[in-house]
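Quick notes on the structure that follows.
The values are calculated or read from the model by the stated rules, or taken from the named source; none is laboratory data. Keep in mind the model is a prediction, meaning the values are calculated, not measured. Cβ: placed from backbone, ideal geometry, glycine included. Neighbour counts: every protein chain shown. For the accessible areas, the whole protein counts, side chains as well, though only heavy atoms, and no ligand, DNA or RNA atoms are used. Shrake-Rupley method; radii C 1.70, N 1.55, O 1.52, S 1.80 Å.
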Amino acid sequence: MSTAAITTSPVRTDPPTVVVGLGPVSASDVLAVARAGAAVRLSQESRDAMSASRQRIEDLANSADPVYGVSTGFGALATRHIPPTLRAQLQSSLIRSHAAGSGPEVEREVVRALMLLRLSTLATGRTGVRVEVAEAYAAMLSAGITPVVHEYGSLGCSGDLAPLAHVALALTGEGAVRDHSGRHIPAAQALEAAGLRPLHLREKEGLALINGTDGMLGQLVLALDDLDALVRLADIAAAMSVEALLGTDRVFAADLQALRPHPGQAASAANMLALLAGSGIVASHRADTCAIVQDAYSLRCAPQVAGAVRDTLTHARSVAERELASAVDNPVVTLDGRVESNGNFHGAPVAYVLDFTAIAVADLAGISERRTDRMLDPARSHGLPAFLADDPGVDSGHMIAQYTQAAIVSELKRLAVPAGVDSIPSSAMQEDHVSMGWAAARKLRRAVDGLTRVLAIEVLTAARALDLRAPLQPAPATAAVRDLIRTRVPGPGPDRFLSPEIEQTVELAAAGDLLAAAQSVSGELQ
């Protein structure tokens, strides 16, 4: 149907408003705000808590005793006492000077995630900011205004200073933003168009807006959501390759997996059995007369690798949940009214799991590439034509698709080098050990994209191999994946322009459509 034939407007389903209160926001809250554009509002309990702690800050501001961040400078300049007449300028200067990012813009979903997470800390009442500050954050999120944040600038300690400073700068009406339609405009113009007023910062508030692990944590939450789907897609790709290479499903039996009781391994093996159920290809060589004694490791050990990835994600998720429940600022207002300096802004806990997850992603992509290569090699593919070509020699088939995979896998190995061990001292050696958590998060986002592409190429190649096994038929679940691909990409034949076919499959993988096709037959995969 052409779009001209559509006469009714699509029904818009707005995401529910996320309420930010004294307790932690959930990962689903982060996803709703970051990816679905949910609006945000504050609970009354949060307003009350912020009002109480703000009073404590104002009392200290009127005291003759110096208090870090309230009546002193920052970092290596914390020894200077700032007179009351200069304290508003102190906070504005802090934000302007720390908004020092450089490089490409960071993705909208990342900025919205870090904004929600900073708001969540403000709403605990432990930072000492006025209610108006938190309300300004909520209003900007709800209006779809996204401050321009740059790729480089954060050392992950004291938290994500530069990225958060760019956001705070927009709150004050300076800097640049993307409005709800994506236009790049001055912050003051966007605030005025949304009916919002620039924020004028007071004691402690600039510091509270930039001391947090929100950027790295937001990217961890987003990556875990992506990888939850991709690890199941990896099982689908492996199952299709098992069929294409005349492998066995016997090695995935539950009693064999129970001999090594890692939960992720058991889940992956169960998925493989469900995906291969009813496979005519597997049944065709199940007899004892089959000449293949053992499958290659990339087939036989697929659950061990994908399972270890799952268990890594479980650990990363537990760290994310603890961080979501944290109030990260320095100094903080304690429940009994003390204002105390601390080191909770250090990003090490998050940086480590970001790095660990990137290692797991690289290995999951690596085993996928090995299965693809095996399908293309006539010496190891058990009867498939060289490179799955229509006329090998004249046609190259999927030869260079594997090159693309190999290039990505090589990149993923470089991205697996940990960032969290690469501390560089700053602030005249006051901040002499930093986490590099932001860099670890940026690496992981690139790694997730690479894994998506590697798995898509394996699935595309395996779908072609399954067609070439005809008249033997694949399992209903893997056939459903193959059939979905065939709605975008034709079956085997002479060489065609291959890049668009890869990109079509990548789109299906990224959108979750390949996973949905398999699960429409197999049921929900673990």
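Key figures for this structure:
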| read-out | value |
| --- | --- |
| Test: D311 is more than 25 Å from D432 (Cα to Cα) and either open to solvent by 30 Å² or more (accessible area, probe 1.4 Å) or modelled with pLDDT under 95 (or both) | yes |
| Failed condition for A170, given (1) touching a residue at least 40 places away in the same chain (Cβ under 8 Å); (2) open to solvent by less than 10 Å² (accessible area, probe 1.4 Å) | (1) |
| Residue ID - surrounded by the fewest Cβ atoms within 10 Å (Cβ to Cβ), chosen from residues in the stretch 98-153 that are among the hydroxyl-bearing types (S, T, Y) and more than 20 Å from S326 (Cα to Cα) | S102 |
| Of all residues making up the stretch 281-306, the number that are open to solvent by 30 Å² or more (accessible area, probe 1.4 Å), modelled with pLDDT of 95 or more and touching a Lys or Arg at 6+ places or on another chain (Cβ under 9 Å) | 2 |
| Of residues in the stretch 373-406 being in a loop (DSSP other than H, G, I, E, B) and at positive phi, the one least open to solvent (accessible area, probe 1.4 Å) | G397 |
| Hey, E203 more than 21 Å from the chain's Cα centre (by Cα), not in a loop (DSSP other than H, G, I, E, B) and not hydrophobic (A, V, I, L, M, F, W, C) or not | no |
| Test: residue in the stretch 449-462 that is more than 25 Å from the chain's Cα centre (by Cα), of a type in the set (G, A, S) and open to solvent by less than 70 Å² (accessible area, probe 1.4 Å) | yes |
| Residue in the stretch 328-344 that is closer than 30 Å to G125 by Cβ and under 20 Å from the mean Cα position of the chain (by Cα) present | no |
| Residues satisfying the stated conditions in the stretch 184-194, i.e. in contact with a strand residue (DSSP E or B) (Cβ under 9 Å, 6 or more places away or on another chain) and open to solvent by 30 Å² or more (accessible area, probe 1.4 Å) | H184, P186, Q189, A193 |
| Among (1) more than 21 Å from K204 (Cα to Cα); (2) modelled with pLDDT under 95, the one test that A176 misses | (2) |
| First in the stretch 92-104 and of a type in the set (K, R), second anywhere and surrounded by 11 or more Cβ atoms within 10 Å (Cβ to Cβ), Cβ under 7 Å, 6 or more apart | R96/L169 |
| Candidates R126, R118, R112, R130, filtered to the one that is at pLDDT 85 or above, under 30 Å from A27 (Cα atoms) and touching a Lys or Arg at 6+ places or on another chain (Cβ under 7 Å) | R130 |
| Candidates A509, A465, filtered to the one that is part of a helix (DSSP H, G or I) and either closer than 23 Å to G278 by Cβ or among the β-branched types (V, I, T) (or both) | A465 |
| Filter result (surrounded by 14 or more Cβ atoms within 10 Å (Cβ to Cβ) and either more than 30 Å from A223 (Cβ to Cβ) or touching a Pro at 6+ places or on another chain (Cβ under 6 Å) (or both)) within the stretch 32-44 | A32, A36, A38 |
| Selection count where residues are within 16 Å of L455 (Cα to Cα), of a type in the set (A, V, I, L, M, F, W, C) and in contact (Cβ under 8 Å) with a residue 40 or more places away in the chain, scope the stretch 360-415 | 13 |
| All positions within the stretch 488-506 that are assigned to a helix (DSSP H, G or I) and either of a type in the set (D, E, K, R) or open to solvent by 70 Å² or more (accessible area, probe 1.4 Å) (or both) | E501, E503 |
| Checking R197 against (1) outside any loop (DSSP other than H, G, I, E, B); (2) open to solvent by 10 Å² or more (accessible area, probe 1.4 Å); (3) farther than 30 Å from A462 by Cα, the condition it does not meet | (1) |
| Flag if L217 is open to solvent by less than 20 Å² (accessible area, probe 1.4 Å), in contact (Cβ under 8 Å) with a residue 24 or more places away in the chain, out of contact with any helix residue (DSSP H, G or I) (no Cβ under 6 Å at 6 or more places or on another chain) and not in a loop (DSSP other than H, G, I, E, B) | no |
| Selection within the stretch 173-194 - touching a residue at least 60 places away in the same chain (Cβ under 8 Å) and outside any loop (DSSP other than H, G, I, E, B) | R178 |
| Residue pairs meeting the criteria (Cβ under 6 Å; at least 6 apart or on separate chains; first farther than 23 Å from A416 by Cα, in the stretch 309-328; second open to solvent by 50 Å² or more (accessible area, probe 1.4 Å) and of a type outside the set (S, T, N, Q)) | L324/P24; A325/P24; A327/R126 |
| Neighbours by Cβ (under 6 Å, 6+ apart or cross-chain): first from the stretch 231-259, farther than 25 Å from L460 by Cα; second assigned to a helix (DSSP H, G or I) | Q257/Q265; Q257/A266; Q257/A269 |
| Filtered residues of the stretch 12-63 (kept if among the hydroxyl-bearing types (S, T, Y), out of contact with any strand residue (DSSP E or B) (no Cβ under 8 Å at 6 or more places or on another chain) and not in a loop (DSSP other than H, G, I, E, B)) | S28, S51 |
| Index of the failed condition, Q473 passing every other in (1) of a type in the set (S, T, N, Q); (2) in a helix (DSSP H, G or I); (3) crowded, with 17+ Cβ neighbours inside 10 Å | (2) |
